[in-house]
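A.B. asks: One structure follows; several queries about it will come next.
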Amino acid sequence: MADDFLPPAWLRHAHIQTLLASMGPRRVFARHRAKELRDKSELAIIESGSNNESVQLLGAYSPSRKAANDQLTIFIHGWEGSIESSYLLSAAASMYEVGHSIFRLNLRDHGESHQLNKALFHSARLDEVANAIRQISSSYPHGKVNLVGFSLGGNFCMRLACHLAPETIKRVAVISPLIDPARTTDDLEQGLWLYHFYFIRKWRKSLKKKLAIFPDHSCQILLSKRGSLSSMNTLFVAEHTPFDSREDYYLSYKIENDQLRNLSCPVDVLVAEDDPIVKTQWLDQLEFSSRVNIKKTAHGGHCGFIKDCRFNCFADQWLVDKLA
């Protein structure tokens, strides 16, 4: 257990850390901190299809302000987050300040990218994200490419560390990564109602945005479905994925021991024991190779790790220590 992150008493509660990760006043502080990064960002559409399939993902590139630095760090947000999420902006700004070039990548149907592809996002679309990483590395050549992911983005990054060749990425760092989708869905449905409500609301908002762009889209059926994440996923998997069941879909992006034995690069993991969304017990059940370094803190919630009233973040400092 790490003993170098101890927020003040009023900030220690897991729900406060989790809610402040991307909501409320932290948005103001994160955008202020990332002002130069955002001002120097260039939007880019990344062609990431394969086998004659057209896929486009939206991102933003910020070149290093230090000409001698030759590191590019690619950031991937969590489910229903975006390249403008507060936790991502705060971390990306910290890496930008130490001289890294930054690429912030939206997953399909996240941020302002719903118009780029008609088919819906699902978490098994690893190939298009891998192709995007290859394309980004080619379009913005640097000596070293790192990946950073949060929550579901952390899950993608851990799978990419097994999927991509060693020469493509040199290091991966993940914060509060999703490990077992089935278990986490159960935890959301049985835990504090606020998180379950939050994710359903965000998902429905995304589907409505999709339907406004593609009025004939079959996601209309999903929007007519009320109930739990599980019940929505049952219909979603049947209509919008190649999987036979919700259980098969969850297994397709679960982090397994076999994957962790085939990592192409070192992976650093930061988790909080009090995470109310992705419980650390699912991480603890895995067998890790020497290429995985796990840092646990007692406090931090889900993607929080906020240190003080100015929303300075332990996760940002940890990233700089690992990647700079």
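The values are calculated or read from the model by the stated rules, or taken from the named source; none is laboratory data. Everything quoted here is computed from the prediction, not taken from an experiment. We place every Cβ from the backbone using ideal geometry, glycine too, and count neighbours over all the protein chains shown.
A.B. asks: Across the stretch 18-65, what is the total count of residues that are in contact with a helix residue (DSSP H, G or I) (Cβ under 7 Å, 6 or more places away or on another chain), crowded, with 18+ Cβ neighbours inside 10 Å and closer than 30 Å to residue 273 by Cβ?
C.D. replies: So the answer is 7.
A.B. asks: Continuing with the same structure: Right, residue 157: buried (at least 18 other Cβ atoms within 10 Å of the Cβ), farther than 17 Å from residue 79 by Cα and not aromatic (Phe, Trp, Tyr) or not?
C.D. replies: On the way: buried (at least 18 other Cβ atoms within 10 Å of the Cβ): yes; farther than 17 Å from residue 79 by Cα: no; not aromatic (Phe, Trp, Tyr): yes.
In short, no.
A.B. asks: Can you say whether residue 135 is in contact (Cβ under 8 Å) with a residue 60 or more places away in the chain, in a helix (DSSP H, G or I) and either of a type in the set (S, T, N, Q) or buried (at least 19 other Cβ atoms within 10 Å of the Cβ) (or both), as far as the supplied structure shows? Walk me through how you get there before you give the answer.
C.D. replies: On the way: in contact (Cβ under 8 Å) with a residue 60 or more places away in the chain: yes; in a helix (DSSP H, G or I): yes; either of a type in the set (S, T, N, Q) or buried (at least 19 other Cβ atoms within 10 Å of the Cβ) (or both): yes.
So residue 135 passes the test.
A.B. asks: Could I ask something else about it? For the stretch 286-324, name all the residues that are outside any loop (DSSP other than H, G, I, E, B) and either on the phi > 0 side of the Ramachandran plot or among the acidic types (Asp, Glu) (or both).
C.D. replies: Initial filter on the stretch 286-324 (outside any loop (DSSP other than H, G, I, E, B)): 292-297, 306, 313-323.
Scanning the stretch 286-324 gives 316, 321.
A.B. asks: Same structure again: Would a scan of the stretch 249-258 turn up a residue that is buried (at least 16 other Cβ atoms within 10 Å of the Cβ) and of a type in the set (Val, Ile, Thr)?
C.D. replies: Yes: the stretch 249-258 contains one or more residues that are buried (at least 16 other Cβ atoms within 10 Å of the Cβ) and of a type in the set (Val, Ile, Thr).
A.B. asks: Which of the residues belonging to the stretch 151-167 are farther than 16 Å from residue 323 by Cβ, touching a Ser or Thr at 6+ places or on another chain (Cβ under 7 Å) and at pLDDT 95 or above?
C.D. replies: Correct list: 151, 152.
A.B. asks: Here is a follow-up. What pairs can you find where one residue is in the stretch 144-172 and in contact (Cβ under 8 Å) with a residue 12 or more places away in the chain, the other is assigned to a strand (DSSP E or B) and of a type in the set (D, E, K, R), and their Cβ atoms are less than 6 Å apart, with a gap of 6+ or different chains?
C.D. replies: 146/171; 170/144
A.B. asks: Only helices (runs of 4 or more DSSP H) wholly contained in the stretch 177-251 count here; list those with 1 or more residues that are outside the structural domain of residue 157 (by TED's automatic domain parsing) and more than 23 Å from residue 275 (Cβ to Cβ). Talk me through it step by step, then tell me what you get.
C.D. replies: Numbers: elements: 181-190, 193-213, 220-223, 229-240.
Ranges flagged: 193-213, 220-223, 229-240.
A.B. asks: Which one of the conditions (1) surrounded by 21 or more Cβ atoms within 10 Å (Cβ to Cβ); (2) free of Cβ contacts under 8 Å to residues at least 40 places away in the same chain; (3) part of a helix (DSSP H, G or I) does residue 83 fail to meet, given that it meets all the rest?
C.D. replies: Every listed condition holds for residue 83 apart from (3).
A.B. asks: Scan the stretch 102-125 and report the pairs whose first residue is assigned to a strand (DSSP E or B) and whose second residue is of a type outside the set (Val, Ile, Thr) and surrounded by fewer than 19 Cβ atoms within 10 Å (Cβ to Cβ), with Cβ atoms within less than 7 Å and a gap of 6+ or a chain change.
C.D. replies: Going by the 7 Å Cβ cut-off, the qualifying pairs are 103/140.
A.B. asks: For the stretch 185-228, what are the residues that are charged (D, E, K, R), without any contact (Cβ under 8 Å) to a residue 40 or more places away in the chain and touching a helix residue (DSSP H, G or I) at 6+ places or on another chain (Cβ under 7 Å)?
C.D. replies: Residues satisfying the conditions are 204, 208, 225.
A.B. asks: For residue 12, only one of the following conditions fails: (1) within 21 Å of residue 127 (Cβ to Cβ); (2) more than 21 Å from the chain's Cα centre (by Cα); (3) of a type in the set (D, E, K, R). What is its number?
C.D. replies: Answer for residue 12: the failing condition is (1).
A.B. asks: All but one of (1) closer than 28 Å to residue 166 by Cβ; (2) surrounded by 20 or more Cβ atoms within 10 Å (Cβ to Cβ) hold for residue 304; state the number of the condition that does not hold.
C.D. replies: Only one criterion is unmet by residue 304, namely (1).
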